[in-house]
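*Asks:* Questions regarding the structure given below will be posed in turn.
The values are calculated or read from the model by the stated rules, or taken from the named source; none is laboratory data. The structure presented is a predicted model; accordingly, all values stated were derived computationally and were not measured. Quick reminder, even Gly has a Cβ in these numbers, built from the backbone with ideal geometry, and neighbours come from all protein chains shown. For accessibility, only protein heavy atoms count, side chains too; no ligands or nucleic acids. Shrake-Rupley method; radii C 1.70, N 1.55, O 1.52, S 1.80 Å.
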Amino acid sequence: GCAAHARFEGSRSSSFVSSGKPIFITFGTGRVSGTIVRDTVHFHALVISNQAFLEVTSERSFAFEQYPFAGLVGLCLPSIAAEGTTPLFDNIMAQNLLPRNMFSFFLSPEEAGSVVIFGGINSELLAGPVHWVPLLPSVYWEVGMSDLLIGGKSLDVCDPLCRVAVDTGTSLFTGPSDRIHAVVRMLRPLL
């Protein structure tokens, strides 16, 4: 899957350190494995020192060759990060690299239209006001949801409250089957 993409070469970096620790990550669509390594990571204008990441040496059933990207950036909470590692955004916060310790996403069906914004919100991309909600106690970015609206129409999917994991990278959509079917029926004409 990596043959069509630029590949990381740790030997070309003076700050590269391998832990020698093998690890694997299972996704809904496959699995990758490799070694935990550390290096200085450049992410747009950010320079993140001593960032741990997985140097992938094997992948199964995840079709990287079919996508324009060459890897994944995880934004997990520290509680589910690999032992002895700090997630990228937590390292960014610890190194005081942003004016505000926040990130936001704009998701678009267009091929190159989605963006992640570190340090704030691009108000030009908002369809409405921002509604801040607290995280629920969880190992995921999980919030409480009372309903889901599509085109202004209530789907009445939660009674009285659903626990919802916010995950931009998941390939899974799950919940009580009758409620999920209602959501799919509403989304189908929009696709």
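*Asks:* State the extension gain, in nm to one decimal, for the chain segment bounded by residue 116 and residue 13, taking 0.36 nm per residue of separation less the distance between their alpha-carbons. Before the final figure, lay out each step's value.
*Replies:* On the way: separation 103, 0.36 × 103 = 37.08 nm, distance 2.64 nm.
Length gained between residue 116 and residue 13: 34.4 nm.
*Asks:* Further question: Below 8 Å, C-alpha to C-alpha, sequence gap of six or more: please give me the relative contact order for region 121-191 in percent.
*Replies:* Details: 55 pairs, mean separation 15.9, N = 71.
Reported as a whole number, the value is 22 percent.
*Asks:* So what are the ³J(HN,Hα) numbers for region 89-95, from phi and the Karplus equation (6.51, -1.76, 1.60; θ = phi - 60°), rounded to whole Hz, Gly and Pro as x?
*Replies:* These are the phi-based 3J(HN,Hα) values: 5, 5, 5, 4, 5, 4, 8 Hz.
*Asks:* Roughly what angle does helix 177-187 make with the longest principal axis of the chain, taking Cα atoms, 0 to 90 degrees, to the nearest 10?
*Replies:* 90 degrees
*Asks:* On a C-alpha basis, how far is the centre of region 108-127 from the centre of region 43-96 in Å? Whole number, if you could?
*Replies:* Each part reduced to its Cα centre gives a spacing of 20 Å.
*Asks:* What distance in nm separates the simple spin-label points at residue 77 and residue 33, each placed 7 Å from Cα in the Cβ direction?
*Replies:* Here the answer is 2.9 nm between the modelled labels.
*Asks:* Efficiency by 1/(1 + (r/R0)^6): what FRET value for residue 141 and residue 50, r their Cβ-Cβ distance, R0 = 22 Å, to the nearest 0.05?
*Replies:* About 0.35, to the nearest 0.05.
*Asks:* Of the listed values [x] 1.02; [y] 1.17; [z] 1.09, grab the one calculated as Cα Rg over 2.2 N^0.38 Å from the structure here.
*Replies:* The listed entry that was calculated here is [y].
*Asks:* While we're looking at this one, here's another question. Report the full-extension gain for the segment residue 95 to residue 161: residue separation times 0.36 nm, less the Cα-Cα distance, to one decimal in nm.
*Replies:* 20.1 nm
*Asks:* Near residue 52, within a Cβ-to-Cβ distance under 15 Å, what is the net charge of the other residues, with Lys and Arg +1 and Asp and Glu -1?
*Replies:* Local net charge: -2.
*Asks:* Quantify, in whole percent, the carbon and sulfur part of the accessible surface of the chain (1.4 Å probe; protein heavy atoms only).
*Replies:* Values: 7530 of 13350 Å².
Carbon and sulfur together cover 56 percent of it.
*Asks:* Please compute one quarter of the surface area of the Cα convex hull for region 55-135 and express it in square nanometres.
*Replies:* 8.0 nm²
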